[in-house]
Amino acid sequence: MLRVVINRLLISIPVLIGVLFIGFLLLIVAPSDPAAVIAGEGATPELLAVLRQELGLDRPVLERFALYLQRVLQGDLGKSVINKAPVIEELSYAMGPTFELMLCALLVAVPVGIALGSLAAVMRGRWIDRVIMMSSVAGLSMPGFMIALLAIQYFGLHWGLLPFQGRGGPLWTWSGILHMVLPATTLGSILIGPIARMTRTAMLEVLTLDYIRTARAKGLSELKVVLKHALRTALPPVVTLIGLQAGYLLGGAVVTETIFAWPGVGRLAISAIASSDFPMAQGTILVLAVSFLIINLMVDLIYCWLDPRIRL
Amino acid sequence: MTQAEANPLLRVTRLRTSIATDMGRMVVISDVSFEVGAGRTLCIVGESGCGKSITSLSIMRLLPKPQGRIEAGHVSFLGRDLTALSEREMRQVRGRDISIVFQEPMTALNPVFTIGSQLTEALLAHERCGTAQARARALGALREVGIPDPESRLDAYPHQLSGGQRQRVVIAMALLCRPKLLIADEPTTALDVTVQAQILELFRQLRNSHGMGLILITHDLGVVAEMADDVIVMYAGRVVEAGPVASIFNRPQHPYTIGLLGSLPKVSERQGRLPIVPGTVPNLMALPEGCGFHPRCPLAQRRCAVDLPLLNAVHGDHRAACWLAPLD
Amino acid sequence: MTQQSVAVAAPRSARTTPRALQRLLKDKIALVMLILLVLIILGAIFAPLLTSFDPYRTSLRNRNVPPGALHLFGTDEQGRDLLARVLFGIRLTLASGFISLFLGGIVGTAIGVCAAYYKRADNILMRAMDTVLSFPAILLGLAIAGISGPGTWSVILALAISTVPPIARVARSSALSVVNQDYLVAARALGLGDPTILRRYVLRNCAPSILVYVTLRFGQVILLGASLSFLGLGAPPPAAELGTMVSQGRALLFTAPHVALVPCFAIFIIVLILNVLGDAARDIFDPKIQQ
């Protein structure tokens, strides 16, 4: 268990350094000269030179990267070019909604995907299996924004059932829940197809194993054999898949937040890039990358917990 | 059978089972008939692939779905035809009336549940008892099969046990509900000699005290000699010889049985394995005409390649499916 | 046994191809999809011949015309013909998907084959691939668009980079199955140089699984590219790029839903075709590759 965590953290280190370097690149290739921005218009060349020296802009790149790392580790991500607010502050407001959105999406996708996949596996070859597998391929082939737009078009605009603009407050309020429904289902539906397919494959494999026969030989009901013995052992590959799909979840979150005006990190990232707010873009990319690493760490932990052979 | 019983524990009549393969449906056993009385032991011997395991799976109706299918015949257990039961009724038979011990001890247990939960699960499926009581009985069952330190083993996972211990857990699981019939497919292959003797002794005890019937599928002729009342020899999905153990061992009638027993120095030899009969097991998809054994048979005659010999009485309860029988 | 496998293994890829084609022909759904894909590709190539409308010509009088006889798919908020724009959009989408897969495929194959062939480089190369794999493609897209500005090439670069590690893995595993074979030892004993051996034996053996993977990946690459351009990281408006068109049409969802939905369905149908074909290709050529 501990070994798995350490292993994951070790893999994460080069990734983190890579992300930090990208963040750093974003800041130094920025077409605008930070010194000029700070000094404002009509600054004398002398003042600019002093400012550059103060900001460390005249040092070698690697040294500047080291300085950058030092600042980031102290939690200083710079200030937004647009509204001059500290980036870390803006991010701290946006992180909660993003986390909440991804969690709710998983709460939709994982049970639905696993249920559909198991149903397809048990009903292998019958029409219901075919329908489930065909719809999951269709789901896999749909761009995330298409699902979102269709949902808005029908549930939002046409039938006026659900709100689709922004966050409605904390999740324990009625409005918070209502506003969450469409974004979470949209984001979750991206993952339902892959999860259902993987569950089906894993289940079909497990159902042929000897211990399933043992369970049947004990006289357990078919429901118990499938739900307890087969599903439980088919879960680890599904969990691994969710880890592999975490990138899609993240990408989907960016799209979903943009479409539903969800005040999260993804929307912040897009608007920062659109407005050339490089410090902000750098901050959002760092946060998204770290959350990706955290999702993978959690997936590893869940995997260990599910498989007693690694648990010890 | 030596003592003719009006209603034996299990009577299998003309059972035929097929399996769907990529190349079409393949009949894997046909015309298999035998009986097992209460408190008696039947041994099924034959090379691997001869249909021994399919026979036991057919009795339990645990053939792989949807490929496996019972085509014809009956399995009558205490007068009830198991092939006609609903899935729900069959479930109540499995594990309670008839238990089975599978061959593969390494894979027969689910890796993600503890030994205790897998044992009590079998009990709770058939009997109304509290968890504490179920646990106590599981503990007793583990003790019975001679697992050291059973208390701590209850909370262990299968991977923490050795192969032999796992096999004993599987046996304990099968015996937990005190079945009337136990089918054991190579139950002692993974065990060392002392444990093997212990398990066989346990089987014998249950046979005597509870009148448990036992079907033992084995390669080990020593075990056959020690345990069996009756023996059937299978070849290419058919019973080629059947009869009381002494008669089979002393006066084998089928050339295949003779081949199996031939090189065995003494019947009482404990560790006797099946000797190799020259040639290979035939492909069930392309069985030869006539007697399935004739291509390998040293005594084959022209007739053997044309007509299929049926099981005929040689003397008493001893029957053989060979045109040349009786050989003596 | 070993002699047999030498005789069988070398011409394997050459011999399986016709049989695979036969099986593809038997799989009716895959066949229909293949025909559709060819039609779509032809439509994209000959787009200027298929429609008399200019995808960039605006016409303020014909704004947001719903689909009808004149404008088969309707027009957008600036009166441009949507059929023409979708056809040109598919062109751009397929081309950028193809280019990024091609670039990523070449780099990935090179890395994978080298990792398998030069054992000393294996560990470091595959570790590097793991690191790149840990970058979600969307982050790559965001970062590249942030550094070099939004545009088609930013999207292509992001897609290509995200394709490299999985291709490298596939290439490495199928190359590994060849490098230890007897006939490679024999080839080396004959004095063939590394480049010849790699080209003639290793690459040829990797080709089927890489091609299958690329087919499987094509749909995902297009989806990802569409998402990136939808987010405004790709070609900026008025480019006839499917993702960009959807994001432009989004504001009109209530009044003229077809403006956003037509390019949506275009992406969906192309990706669906590619996914079904990819699955079929996997089943036919290489049942071992798992999703």
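The values are calculated or read from the model by the stated rules, or taken from the named source; none is laboratory data. Values in this document were obtained by computation on a predicted structure and should not be read as measured data. Ideal geometry is used to build each Cβ from the backbone, glycine not excepted, and the neighbour counts take in all protein chains shown.
Does B:THR218 satisfy the criteria of being modelled with pLDDT of 85 or more and either over 28 Å from B:VAL195 (Cα atoms) or crowded, with 18+ Cβ neighbours inside 10 Å (or both)? Lay out the reasoning, then the answer.
Working: modelled with pLDDT of 85 or more: yes; either over 28 Å from B:VAL195 (Cα atoms) or crowded, with 18+ Cβ neighbours inside 10 Å (or both): yes.
Against the criterion (modelled with pLDDT of 85 or more and either over 28 Å from B:VAL195 (Cα atoms) or crowded, with 18+ Cβ neighbours inside 10 Å (or both)), B:THR218 qualifies.
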| field | helices (runs of 4 or more DSSP H) contained entirely in segment C:188-291, each with at least 3 residues that are within 13 Å of chain A (Cβ to nearest Cβ) | value | C:204-230, C:242-249, C:258-285
| Scanning for something assigned to a helix (DSSP H, G or I), within 11 Å of chain C (Cβ to nearest Cβ) and of a type in the set (A, V, I, L, M, F, W, C), does segment A:222-236 turn up at least one residue? | no
| So which residues in segment C:29-43 are surrounded by 12 or more Cβ atoms within 10 Å (Cβ to Cβ) and among the aliphatic types (A, V, I, L, M), if there are any at all? | C:ILE29, C:ALA30, C:LEU31, C:VAL32, C:MET33, C:LEU34, C:LEU36, C:LEU37, C:ILE40, C:ILE41
| message | Any residue in segment C:30-43 that is under 20 Å from C:ARG282 (Cβ atoms) sitting within a Cβ distance under 7 Å of a residue that is among the β-branched types (Val, Ile, Thr)? List the pairs, counting only those 6 or more apart or interchain. | response | C:ALA30/C:VAL276; C:MET33/C:ILE273; C:MET33/C:VAL276; C:LEU36/C:ILE273; C:LEU37/C:ILE273
| task | Considering only segment A:51-72, state which residues are at pLDDT below 80 and either assigned to a helix (DSSP H, G or I) or in contact with a Cys (Cβ under 8 Å, 6 or more places away or on another chain) (or both). | result | A:LEU51, A:ARG52, A:GLN53, A:GLU54, A:LEU55, A:VAL61
| Can you name the residue in segment C:175-224 that is of a type in the set (Val, Ile, Thr) and closer than 30 Å to C:ALA158 by Cα and is also surrounded by the most Cβ atoms within 10 Å (Cβ to Cβ) among such residues? | C:ILE222
| field | Which listed residue, of A:LEU91, A:LEU103, is out of contact with any Leu (no Cβ under 9 Å at 6 or more places or on another chain) and either part of a helix (DSSP H, G or I) or closer than 17 Å to A:ASP277 by Cβ (or both) | value | A:LEU103
| field | Where A:MET280 falls short, out of the listed (1) outside any loop (DSSP other than H, G, I, E, B); (2) within 12 Å of chain C (Cβ to nearest Cβ); (3) farther than 19 Å from A:ILE22 by Cα | value | (3)
| Any residue in segment C:82-94 that is under 27 Å from C:LEU272 (Cα atoms), buried (at least 21 other Cβ atoms within 10 Å of the Cβ) and at the interface with chain A (Cβ under 9 Å from one of its Cβ atoms)? | no
| query | If we scan segment B:31-39, do we find a residue that is in contact (Cβ under 8 Å) with a residue 12 or more places away in the chain, of a type in the set (Asp, Glu) and not in a loop (DSSP other than H, G, I, E, B)? | reply | yes
| query | Out of segment B:286-313, which residues are under 22 Å from B:VAL231 (Cα atoms), hydrophobic (A, V, I, L, M, F, W, C) and in contact with a Cys (Cβ under 9 Å, 6 or more places away or on another chain)? | reply | B:CYS291, B:PHE293, B:CYS297, B:LEU308
| message | Out of the residues in segment B:165-188 meeting the condition of being part of a loop (DSSP other than H, G, I, E, B) and over 13 Å from the mean Cα position of the chain (by Cα), tell me which one is surrounded by the fewest Cβ atoms within 10 Å (Cβ to Cβ). | response | B:ARG178
| task | Out of A:GLY251, A:GLY247, report the one residue that is touching a residue at least 60 places away in the same chain (Cβ under 8 Å), part of a helix (DSSP H, G or I), under 30 Å from A:VAL290 (Cα atoms) and under 21 Å from the mean Cα position of the chain (by Cα). | result | A:GLY251
| field | Residue check, C:ALA260 farther than 30 Å from C:ILE210 by Cβ, at pLDDT 85 or above and touching a helix residue (DSSP H, G or I) at 6+ places or on another chain (Cβ under 9 Å) | value | yes
| task | Would you be able to say whether some residue in segment B:108-120 is within 13 Å of chain A (Cβ to nearest Cβ) and either in contact (Cβ under 8 Å) with a residue 60 or more places away in the chain or among the charged types (D, E, K, R) (or both)? | result | yes
| query | In this structure, does B:ARG69 turn out to be in contact (Cβ under 8 Å) with a residue 40 or more places away in the chain and within 23 Å of A:ARG213 (Cα to Cα)? | reply | yes
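Name the residue, out of B:VAL101, B:VAL75, that is crowded, with 19+ Cβ neighbours inside 10 Å and either acidic (Asp, Glu) or more than 14 Å from every other protein chain (Cβ to nearest Cβ) (or both).
B:VAL75
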| note | With the first residue restricted to segment A:203-218 and required to be in a loop (DSSP other than H, G, I, E, B), and the second required to be among the hydroxyl-bearing types (Ser, Thr, Tyr), Cβ contacts under 7 Å at 6 or more apart or on different chains are A:LEU209/B:THR107
| Do you know which residues across segment B:140-164 are of a type in the set (Asp, Glu) and surrounded by fewer than 19 Cβ atoms within 10 Å (Cβ to Cβ)? | B:ASP149, B:GLU151, B:ASP155
| Restricting attention to segment B:9-20, does a residue exist that is within 14 Å of another protein chain (Cβ to nearest Cβ) and farther than 20 Å from B:THR218 by Cβ? | yes
| query | Looking at C:GLY104, is it away from every other protein chain (no Cβ under 14 Å), modelled with pLDDT of 85 or more and crowded, with 24+ Cβ neighbours inside 10 Å? | reply | yes
| Leading residue by the ranking (farthest from C:VAL221 (Cα to Cα)) among those in segment C:145-164 that are surrounded by 21 or more Cβ atoms within 10 Å (Cβ to Cβ) and at the interface with chain A (Cβ under 9 Å from one of its Cβ atoms) | C:GLY146
| field | Checking B:GLU89 against (1) facing another protein chain (nearest Cβ under 9 Å); (2) farther than 21 Å from B:LEU200 by Cα; (3) out of contact with any Gly (no Cβ under 6 Å at 6 or more places or on another chain), the condition it does not meet | value | (1)
| message | Show me the helices (runs of 4 or more DSSP H) found entirely inside segment C:1-63 where at least 3 residues are modelled with pLDDT under 75. | response | C:2-9, C:12-26
| said: Exactly one of these conditions fails for B:VAL240: (1) modelled with pLDDT of 90 or more; (2) assigned to a loop (DSSP other than H, G, I, E, B). Give me its number. | reply: (2)
| message | Criterion first (more than 14 Å from chain B (Cβ to nearest Cβ), surrounded by fewer than 15 Cβ atoms within 10 Å (Cβ to Cβ) and farther than 30 Å from B:PHE113 by Cα) does A:SER291 satisfy it? | response | no
